[in-house]
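Visitor: Sharing a structure, written as structure tokens. Questions coming.
The values are calculated or read from the model by the stated rules, or taken from the named source; none is laboratory data. Just so we're clear, the structure is a prediction, and the values are computed from it rather than from any experiment. Here the Cβ is made from the backbone with ideal geometry for all residues, glycine too, and neighbour counts use every protein chain on show.
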Amino acid sequence: MALIVQKYGGTSMGSIERIEHVAAKVAATREQGHRVVVVVSAMSGETDRLLKLAKSVHPRGNPREMDQIAATGEQVSIGLLALALEKRGVQARSYTGAQVAIRTDNAYSKARIKDIKAERLLADCQAGIVPVVAGFQGVDDSGNVTTLGRGGSDTTGVALAAALKADECQIYTDVDGVYTTDPRVEPQARRLDRITFEEMLEMASLGSKVLQIRSVEFAGKYKVPLRVLSTFVDGPGTLITLEESTAGESMEDARISGIAFNRDEAQLTVLGVPDRPGIAAAILGPIGEANIEVDMIVQNVAPDATTDFTFTVHRNDFDRAHDITKTVAAELHAKDVRSASDIAKVSLVGVGMRSHAGIASRMFKALAGDGINIQMISTSEIKISVVIQDKYLELAVRTLHKAFNLESAAC
């Protein structure tokens, strides 16, 4: 008899009919002899509705009150699912994040989990009760309700699985696993049977929306077996594990797991900065102090002892980053600041890159063959990312998917 944590997202909880369907799946897992803890999101669109309502009252509302409001969506979901389970003869008990004692820091709207008191949930499981826990939320040391950021219910699910020492954490969503790329962009995309935590972490950080990046980090850190499944289509899903699978693959194959992409990129270039120690810190320090994350960085040194410094940020942070960069550039007596918000990032991901040369050149040749110009390049042991104009994004994804034969199981 296994202990399983099942997390159901907003789409899975999107209507009373879907909640009834989730209840049936939970009941079926119980009938197989397993103990189950369920984590749920707010009903699809509910969090956006609540935040829009709050902003209609106060456009720049107090972060504490915004979290208080946003967290109520999950409270409705846990009550409804508990009732649906009880109707099926399954004992259930709903819990908010505070009631479980999911303790977080006080960074409203993007709080981080510090610890979880799992005793009540374990006691329920042992008594044959299914705990239904609100995802996305916790409570700080002062008793204030906090939220974990978009996709935070994934993190709640994985964190609970770690605290409970669960046998598996199952993330139910509207897709039946992790694909080589977004099937809406490339119809030949293939579902992966398994992927390593390392690869999934890269995929999530590079734009894959299947799982929240923090949930993957948590799962990898605490070695929580993680599986992505569809709420609506039965199947094995994709197992995210520590080990890569080599079954059916040649030892000489350069295995690429997938192509991730991100449309939400913006680029800033400071031209003609004096080339001296500390310039990078002088430019990026104020950006970091504004809590703006920098992604890719490129620095080019010119013969006249100046440097051009280029970096990318999320498009939502573009205006603030541009204002800060203009101010810093003036202080550094730079020649100019140039910007572009019509860019996108495309990345190849695969642990096979560690031991195979020539993947980068193969990638660049494929893109050049379709007339796609590369503006920036970033690499790690298991990924190669390029920045291109966003109008070429979908073409680039399809081109690379074909060039690396990702529609085939052995690639």
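Visitor: Which ranges mark the strands (runs of 3 or more DSSP E) fully within the stretch 144-225 that have 2 or more residues being crowded, with 22+ Cβ neighbours inside 10 Å?
Guide: Once the strands (runs of 3 or more DSSP E) in the stretch 144-225 are filtered for at least 2 residues that are crowded, with 22+ Cβ neighbours inside 10 Å, what remains is 145-147, 168-173.
Visitor: Scan the stretch 127-143 residue by residue and report those that are surrounded by fewer than 19 Cβ atoms within 10 Å (Cβ to Cβ) and either within 21 Å of the chain's Cα centre (by Cα) or in contact (Cβ under 8 Å) with a residue 60 or more places away in the chain (or both).
Guide: If the condition is that a residue be surrounded by fewer than 19 Cβ atoms within 10 Å (Cβ to Cβ) and either within 21 Å of the chain's Cα centre (by Cα) or in contact (Cβ under 8 Å) with a residue 60 or more places away in the chain (or both), then no residue fits.
Visitor: Here is a follow-up. Could you look through the stretch 364-381, keep only residues that are of a type in the set (A, V, I, L, M) and surrounded by fewer than 20 Cβ atoms within 10 Å (Cβ to Cβ), and pick out the one that is nearest to residue 311 (Cα to Cα)?
Guide: In this case the residue turns out to be 376.
Visitor: All but one of (1) of a type outside the set (Asp, Glu); (2) within 22 Å of the chain's Cα centre (by Cα); (3) more than 19 Å from residue 133 (Cβ to Cβ); (4) at pLDDT 95 or above hold for residue 109, so report the exception by its number.
Guide: (4)
Visitor: Another question, then. Among the listed residues 145, 130, 210, 139, identify the single one that is of a type in the set (Val, Ile, Thr), over 17 Å from residue 223 (Cα atoms) and at pLDDT below 95.
Guide: 210
Visitor: Test residue 133 against the stated conditions and say whether it is in a strand (DSSP E or B) and either of a type in the set (A, V, I, L, M, F, W, C) or under 18 Å from residue 30 (Cα atoms) (or both).
Guide: yes
Visitor: Let me ask something additional. If the requirement is being in a helix (DSSP H, G or I), in contact with a helix residue (DSSP H, G or I) (Cβ under 7 Å, 6 or more places away or on another chain) and either closer than 30 Å to residue 405 by Cβ or among the hydrophobic types (A, V, I, L, M, F, W, C) (or both), which of these qualifies: 354, 362?
Guide: 362
Visitor: Additional query: For the stretch 276-321, name all the residues that are surrounded by fewer than 16 Cβ atoms within 10 Å (Cβ to Cβ), more than 23 Å from residue 206 (Cβ to Cβ) and of a type outside the set (A, V, I, L, M, F, W, C).
Guide: 276, 277, 278, 285, 289, 300, 303, 304, 319
Visitor: Would you point out which residue out of 99, 68, 6 is polar (S, T, N, Q), at pLDDT 95 or above and within 21 Å of residue 167 (Cβ to Cβ)?
Guide: 6
Visitor: Going residue by residue through the stretch 321-336, is there one that turns out to be charged (D, E, K, R), assigned to a helix (DSSP H, G or I) and within 25 Å of residue 198 (Cβ to Cβ)?
Guide: no
Visitor: Quick test of your reading of the structure: residue 165 fulfils all but one of (1) at pLDDT below 90; (2) closer than 30 Å to residue 103 by Cα. Name the failing condition by number.
Guide: (1)
Visitor: Next question. Filter the stretch 367-391 for residues that are touching a strand residue (DSSP E or B) at 6+ places or on another chain (Cβ under 9 Å) and hydroxyl-bearing (Ser, Thr, Tyr) and give the result.
Guide: Those that are touching a strand residue (DSSP E or B) at 6+ places or on another chain (Cβ under 9 Å) and hydroxyl-bearing (Ser, Thr, Tyr): 378, 379, 385.
Visitor: Among the numbered conditions (1) of a type in the set (D, E, K, R); (2) outside the structural domain of residue 73 (by TED's automatic domain parsing); (3) touching a residue at least 24 places away in the same chain (Cβ under 8 Å), tell me where residue 217 comes up short.
Guide: (3)
Visitor: Are any residues in the stretch 226-258 over 26 Å from residue 25 (Cβ atoms), at pLDDT 75 or above and either surrounded by fewer than 17 Cβ atoms within 10 Å (Cβ to Cβ) or of a type in the set (Asp, Glu) (or both), and if so, which ones?
Guide: Hit for the stretch 226-258 is 242, nothing else.
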